[in-house]
1. Under the definition of Cα pairs under 8 Å and six or more residues apart, what whole-number percent is the relative contact order of chain A?
2. If you average 1/r across every pair of different Cα atoms in region A:197-346 and take the reciprocal, what Kirkwood value do you get, in Å?
3. Along its principal axes, what span do the Cα atoms of region A:1-136 show, with the longest given first and each in whole Å?
4. Scale the Cα Rg of the protein assembly as shown by the rule-of-thumb value 2.2 N^0.38 Å and send over the ratio, two decimals.
5. Per 5 Å bin, what is the whole-percent P(r) computed from every C-alpha pair distance within region A:273-417?
6. On average, how many beta carbons from a partner chain sit within 10 Å of the beta carbon of a residue in A:185-197?
7. Could you give the radius of gyration (one decimal) and Dmax (whole number) of the Cα atoms in region B:22-112, in Å?
8. Relative contact order for region A:60-211: what percent, with Cα pairs under 8 Å and sequence separation of 6 or more?
Amino acid sequence: MGFTMTEKIYATHTKAGYAQAGEIVVLTPDVVLLNDTSGSITVEQLKKMGVQNLYDSEKVVLVADHFSPPKDVTSAQSIGLLRNFGKKFGIKNFYESGRYGIEHALLPELGKVGPGGLIFGADSHTCTAGALNACGVGFGSTDLAGVIATGELWVKVPAAIRIELVGKPGRFVTGKDVILSLIADIGVDGALNAALEFGGPGLANLNIDERMAIANMAVEAGADTCVFECDEQVLRYISQTGWKVRQAVEPDHDAVYLERRVINLERLEPLIAAPPSPANGVSVASVAGITVNQVYIGNCANGTITDLRQAAQILKGQSIAPEVRVIVVPATSAIYQQAAREGLLEIFAAAGAGVSLPTCGACFGGHMGILAAGEIAISTTNRNFKGRMGHADSKVYLANAWVAAAAAITGTITDPATIGAHLGREVS
Amino acid sequence: MQPQTTIHLFGDHIDTDVILPGKYLNLYTPEDLGPHCMEGLDPTFSTRVQVGDVIVAGKNFGTGSSREHAAIAIKSIGIACIVADSFARIFYRNAINIGLPVFECPELVAAVKNGDRVTVELAQGVFKVKGVHFQAKPFPPYVQGIIEAGGLVPFVRTQLLKN
């Protein structure tokens with residue numbers, strides 16, 4: 001009987017070198033990730049645990065991203081607390097300025113994520129790491145205090161659901177639509193306590209950024225973690241970042257899966273997840289015409305250079321609709337610089353969109369674009385729960401960057417194909 | 001004999017954004033978080049809860065964000081425990097780690113109404129509502145060890161002292 005990719009990655013991070021779905025095992029991760037919201041509690045718990053020395057300060061990465069740059073005095077103090085914690089325990093990996101960004105987009109750039117790796121993060125979207133043939137697993141603050149103190153944490157090894165990707169995506173279909181379609185099919189608990197594993201010939205038609213968009217929302221289906229197969233695109237990516245920690249994994253031909261599903265990319269259309277659930281995926285046509293007050297293009301998986309290029313393609317030479325706030329948030333400083341080199345920032349500014357520093361910002365209702373009662377946003381982010389981006393009576397529609405940018409021009413939810421015949425992905 | 005307390009009933013897929021909205025994530029002490037508990041669904045919730053009351057909910061309670069702030073807020077206003085059909089993985093771990101008891105007991109969830117009175121035997125996972133006894137599912141052995149230690153902080157502290 002063979003093993004899934006998840007079982008193989010978990011196995012290489014146990015003392016015994018063995019992990020099978022359903023068993024409780026003790027794991028030692030390659031990277032432990034804290035941010036400025038989860039980190040404060042972790043620091044407090046480490047004090048209470050009486051920790052004098054960390055298990056391995058090289059493995060700890062601290063990223064100020066949620067309320068960064070600080071929105072108020074309290075936020076500045078939280079970031080300061082994280083910075084001082086890093087200094088006290090000799091943690092070199094502290095990112096707030098210079099080379100920085102949203103944690104899940106930043107980690108791969110820094111060479112902290114790659115094939116076979118295991119990343120524990122005090123943030124539910126740590127599963128984004130799956131795009132690079134790694135396992136990212138989200139935890140709370142106290143669990144990560146435990147692993148920072150001892151190097152170990154118990155987990156139940158999840159059984160996996162295999163998603164076989166086939167075909168080529170259409171003009172306006174992106175990774176976002178793949179995951180919105182899957183969650184619409186299986187529900188927000190469709191992968192509860194399971195892992196999602198992606199592979200198949202269709203993978204070659206999705207770049208790393210698009211795979212990150214898929215992996216990022218695995219948790220929105222309830223998944224513990226997510227792993228994509230490794231391919232040439234992944235190897236090329238890590239040749240630039242320097243990941244050498246672990247070896248790539250592939251599933252055994254007789255691996256045991258809970259379920260095997262096929263997604264034909266050719267049959268997908270751009271989807272919009274209507275509030276208040278990421279599982280409410282519907283066609284653009286079914287919600288077209290709804291007035292939006294805000295367009296938000298950013299977050300840990302959809303503030304990539306691919307997303308910014310898609311948005312810029314729509315907004316080039318256009319003007320945004322009156323009374324619509326359009327906020328573009330490059331996920332990292334490297335993406336910001338790349339967008340500047342390509343002239344994308346100029347396109348956004350000329351159209352009337354604002355470009356923010358990298359930050360988690362309004363995605364979680366923190367700052368930089370909060371919604372008032374009754375306001376509606378279309379957003380490339382990952383959650384549209386009640387009140388997610390602001391007032392409890394505001395609404396969020398989730399969509400890919402092409403679809404979100406089209407709404408910026410018209411002020412209503414709009415099919416991007418109606419903006420111009422030349423737009424979208426090149427389809428052969 | 002334990003005193004009777006009140007059940008606060010919630011539905012399926014209660015996410016941590018409504019339990020503790022994101023704008024408060026720059027806070028982290030129980031005193032600061034408690035007043036905002038369940039604010040996304042019911043801004044008066046924290047003022048109505050009496051110490052010892054019980055939250056009962058459907059499937060996948062605590063889904064979404066990993067924010068431990070949500071579990072801390074619930075514990076800090078005096079909720080004795082949460083009984084649900086099922087929990088989201090991270091929330092379940094967070095609750096156990098900070099010493100907020102969480103029980104899976106679909107039979108109880110199906111039988112009770114909002115405002116029902118309940119008697120709770122935390123150590124045994126036994127509940128009595130309108131004369132009917134309910135027994136929650138037992139914890140996995142590893143989890144039981146953390147509960148018996150009083151949460152992950154004392155569990156790790158003991159482990160570090162041993163080493």
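None of the figures in this text is laboratory data; all of them are computed from the coordinates on show. Every value quoted in this text rests on a predicted model; they were computed, and no experiment measured them. Virtual Cβ from ideal backbone geometry, glycine too; neighbours counted across all protein chains shown.
1. Working: 1094 pairs, mean separation 76.0, N = 428.
Rounded, it is 18 percent for chain A.
2. Details: mean 1/r = 0.0549 Å⁻¹.
Result for region A:197-346, one decimal place: 18.2 Å.
3. 56, 33, 23
4. Working: Rg = 22.9 Å, N = 591, 2.2 N^0.38 = 24.9 Å.
Against the compact-globule rule of thumb, the ratio is 0.92.
5. Pair shares across the bins are 2, 12, 23, 25, 22, 12, 5, 1.
6. Average per residue, whole number: 2.
7. 12.4, 38
8. Relative contact order for region A:60-211 comes out at 16 percent.
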